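The structure appears below as structure tokens.
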């Protein structure tokens, strides 16, 4: 078996969701090519050699046992997976993904379709700036200069600007960067099951709502008017205690925190169940508590249609939920959407669950996971300016 070789790759994109495309390409390299051992900052730069949109560029170090030709073939395959079609005439155009092999260890290769080191790397500041982040002293075996010295003579280096985007070799690192993820949704939407699944796979600290321990819940569904206020007050007290205790710090074995609720649901449900005077009093107390608790960095709402929610509620067979009707579920939907619309700093993501079944189909689970990851990446700042990435 061949020993691993340290290679350096340049990645770029100027079409579509550029940062997320680059992140997916890194995931693909990690899964198919070897180990991504270093990732540079992400830079913004104008198109070179043609009129086109600005690029996002970065470099990665890849430890691989693939030969240089095998690696090149894989890079071209990954490009094609993202819709890249290389032109036969060698001219440049906008592209969703550009993967270039810059260095393959210390090798110097001159083959029909492969030249290493990359023959134009020393003239490209959009390669050299990110490369200097991860390999500043790597020597070009032909030019006999390291990356920093090559960068000093590269044209247009001032046009290559560092962004605030961070990319990761694996999803578990990306989730760790989120830090605190809340999975919300209506009754029966699958939020607890999804939170448990993500927590188990990626070593997240799981915070589950303790609704089963609430003695008022079964009574509430029998007599809502009588038990609404004690139910909502008991939920608020318990959620506040749990949030302040559990979100204070990670345990030794957890990379991030994931919850199947956000404490703001207390106000959403209280607005539906309480009388006007009760709600006014409740809201004052809630605001005092809400100001002190930790907020999730990403807030995911799993949207399920009312008919499907009723089916799932019936399937899980909780006696006290048998009286839940469509109108009550619609009110809850409206409460959540009003909250998300009125809270621009929430960083919320709505996922339509109607076509998805993440319990039965692993591909649906991966779709949901990628939606969450993409939302986090695309929310990172691109500087200068506030531009979608």
Within the chain, percent of DSSP bridges classed antiparallel, to nearest 5: 60 percent
Which order results if 311, 184 are arranged by neighbouring Cβ count within 10 Å, fewest first? 311, 184
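Counting other beta carbons within 10 Å of each Cβ, put 345, 338 in order, fewest first. Provide the component values of the computation, followed by the final result.
Details: 345 6, 338 12.
Fewest-to-most ranking of 345, 338: 345, 338.
Going by C-beta contacts inside 10 Å, put 316, 84 in order with the fewest on the left. Numbers along the way, then the final one.
Values: 316 8, 84 18.
With the fewest neighbours first, 316, 84 line up as 316, 84.
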Any idea what Rg and Dmax come out to for region 299-389 if you just take the C-alpha atoms, in Å? 16.6, 56
With no solvent and one point on each alpha carbon, what is the Debye value of log10 I(q)/I(0) for region 5-162 at q = 0.09, 0.11 Å⁻¹? -0.25, -0.38
Calculate the length of the line joining the C-alpha centroid of region 131-210 to that of region 288-305, in whole Å. 23 Å
Taking a quarter of the surface of the Cα convex hull of the chain, what do you get in nm²? 22.9 nm²
Given the convex hull over the Cα atoms of region 171-378, what projected area results after averaging over all orientations, in nm²? 11.4 nm²
Taking Cα atoms only, helix 306-316 is inclined relative to the longest principal axis of the chain by an angle, in degrees rounded to 10, of 80 degrees
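Sort 136-148, 242-254 by packing, meaning the average of other beta carbons within 10 Å per residue, with the highest value first. Intermediate results must be reported in sequence, preceding the final value.
On the way: 136-148: 14.4, 242-254: 12.8.
The densest-packed peptide leads the list: 136-148, 242-254.
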Which angle from 0 to 90°, rounded to the nearest 10, does the C-alpha axis of helix 191-202 make with the longest principal axis of the chain? 40 degrees
Relative contact order of region 231-387, pairs being alpha-carbon contacts under 8 Å that are 6 or more residues apart, as %: 24 percent
Using alpha-carbon coordinates, inclination of helix 276-290 to the longest axis of the chain, degrees: 40 degrees
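Bear in mind that the values in this text are calculations on the coordinates, not laboratory data. This one's a predicted model, so the numbers in the text were calculated from it and none came from an experiment. Please note: Cβ atoms are built from the backbone with ideal geometry, for glycine as well, and neighbour counts cover all protein chains shown.
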